[in-house]
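Asker: Here you go, one structure.
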Amino acid sequence: MTDPTTNDPQIHLTEIDVDLDVQEILLAASQHDIAKLRRLCRTQSSLPDAANVKDPETGYSPLHAAIAACEPDEDEKTNGEAASADKELLESGTETVKFLLQEGAIWNDLDNKNETPGCLARRIGALDLYELIVDAGVRAEMLLNRLDEYAALSDGDDEDEDEDEATENTEDKVEDETAPELVEVSTEQPAESVSASEPTPVNPNVNNRGYLSSTLSISNDRILDSDANGVMMRWESDIMLKSAKSLLPRPGLKVLNIGHGMGIVDGFFQAQSPAEHHIIEAHPSVLADMRTKGWDTKPGVTIHEGRWQDVLPGLVGEGVTFDAIYYDTFAESYADFRDFFSEQVIGLLEQDGKWGFFNGMGADRQISYDVYQKVAEMDLFEAGFDVEWEEIPVPKLEGEWDGVRRAYWVVENYRLPLCRFMD
Ligand SMILES: C[S@@+](CC[C@H](N)C(=O)[O-])C[C@H]1O[C@@H](n2cnc3c(N)ncnc32)[C@H](O)[C@@H]1O
């Protein structure tokens, strides 16, 4: 279109050139023509970020186009020749996807149907391609997590400011087209909507301190924050039961729970008659609710009021240790969680103890869940922990989200983590 303000035919031509380049790149991607893609990405194209162009109609990126071309042809499925053609297509698709990733293609860009390239690969059953995208996601997230750490370190400010700055840095990156991923993920998330560069974002309006001073609505089957984000919901009870059982298999043990919420997991811990049952909780309304329900007088219970970040150093200083630790907070970043397990657990867990956490990272999209499982696994390994995962089917949650701002759980199976010190 001619620029309406200038009516300049030169601009008209440039826009047509750009459109043609976009279509040429997408076509080469769908034809798995790597030689042509290389030329277009590296030399010939008028576009600065050729690996991330978008089709205006479908929202497809070159990765989407390369993967969509691998969808098996339904009519020819029984035909042996067609099967070998599909195999060849998958092989060339794999090479094309690898090439595009090397060229900086964004692993979780969304098309107009709200699918990332990985979602598309999974839907058409191209699981090898799916794994390639998951691995790319893991690399991107690990890198961004490290960059944020580095930014926080080089600031040299105090911890809380670091936390806020880390969030700001993340948002800057998210807005920057060249920065593919977010780095902030809560294990339990007050996340807003899913967007191209935010598969599992943190609502920029909800951080831990903001949440802790917000008004809660606490009922028998859910806790919502003032923006109707789900803090805790009754449907998680089975997950809490299985977590409590795997962490505390017999009576007489010492357990620490971080984040009381609706008291579901604490109820299951109590049922195991622990010798000591410590609970850290920071929200004043949850603390008031705990007292109303008599938690302060239950056998073995010690309530620590405050954020775990402030409470745990004192417990470590006193030399208190536990057989089991559970972590399930709200509106915290992945960086907070990593600080928790790499800096605090080591001083609190008995040598043969076990610890676990609510594994809700990226649970609003299968590929994000898979990426964050691997990211966490690598960071846990680096911090000296082995982790075993148990898959638990999650019941259908339709109807659960009425009145809740966002369905924070979409994936079919919960992966329950059980962590121990490495041998
Ligand atoms: C998801 S709920 C926990 C649900 C709990 N597992 C259950 O079974 O009901 C998270 C809880 O962590 C608390 N919390 C959030 N940030 C915290 C922090 N930094 N330190 C301690 N508690 C925190 C919240 O107030 C909330 O009660």
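The values are calculated or read from the model by the stated rules, or taken from the named source; none is laboratory data. These numbers come from a predicted model, not from an experiment. Don't worry about glycine lacking a Cβ; one is built from the backbone with ideal geometry, like all the others, and counts go over all protein chains shown. For accessibility, only protein heavy atoms count, side chains too; no ligands or nucleic acids. Shrake-Rupley method; radii C 1.70, N 1.55, O 1.52, S 1.80 Å.
Asker: Listed here are the pairs K254/K396; K298/K396; K54/K98; K98/K242; K87/K396; which of them are more than 29 Å apart at the Cα?
Answerer: Values: K254/K396 35 Å; K298/K396 34 Å; K54/K98 18 Å; K98/K242 39 Å; K87/K396 35 Å.
The answer is K254/K396; K298/K396; K98/K242; K87/K396.
Asker: What ranking, highest mean first, results for peptides 368-377, 399-408 when packing means the other Cβ atoms within 10 Å averaged over each residue?
Answerer: Numbers: 368-377: 22.6, 399-408: 13.7.
In descending order of packing, they fall as 368-377, 399-408.
Asker: Would you work out which of P251, V265, L241 lies farthest towards the positive end of the dipole of segment 196-334? Charges go on Cβ: Lys and Arg +1, Asp and Glu -1.
Answerer: Going by the charge dipole, the pick is P251.
Asker: Sticking with this structure for a sec: Spelling out what I want: for every residue of segment 130-137, take phi, set θ = phi - 60°, compute 6.51 cos²θ - 1.76 cosθ + 1.60 (Karplus), and round to whole Hz; glycine and proline get x.
Answerer: With coefficients 6.51, -1.76 and 1.60, one gets 4, 4, 4, 6, 4, 4, 5, x Hz.
Asker: OK, next. Can you bin segment 208-421 into rounded, prolate or oblate? Criterion: square roots of the alpha carbon gyration tensor eigenvalues sorted a ≥ b ≥ c, rounded for a/c under 1.5, prolate for a/b above b/c, oblate for the rest.
Answerer: Values: a/c = 1.43, a/b = 1.10, b/c = 1.30.
Judged from the Cα gyration tensor, segment 208-421 comes out rounded (a/c under 1.5).
Asker: Report the full-extension gain for the segment E391 to I346: residue separation times 0.36 nm, less the Cα-Cα distance, to one decimal in nm.
Answerer: Values: separation 45, 0.36 × 45 = 16.20 nm, distance 2.62 nm.
That works out to 13.6 nm of additional length.
Asker: Could you give the accessible area per residue of segment 208-421, probe 1.4 Å, as a whole number in Å²?
Answerer: Values: 8410 Å² over 214 residues.
With the other protein chains kept in place, segment 208-421 gives 39 Å² per residue.
Asker: Something else now. Just the accessible area per residue of segment 103-145, please: how many Å² with a 1.4 Å probe? Could you put the intermediate results ahead of the total?
Answerer: Values: 1670 Å² over 43 residues.
Accessible area per residue, segment 103-145: 39 Å².
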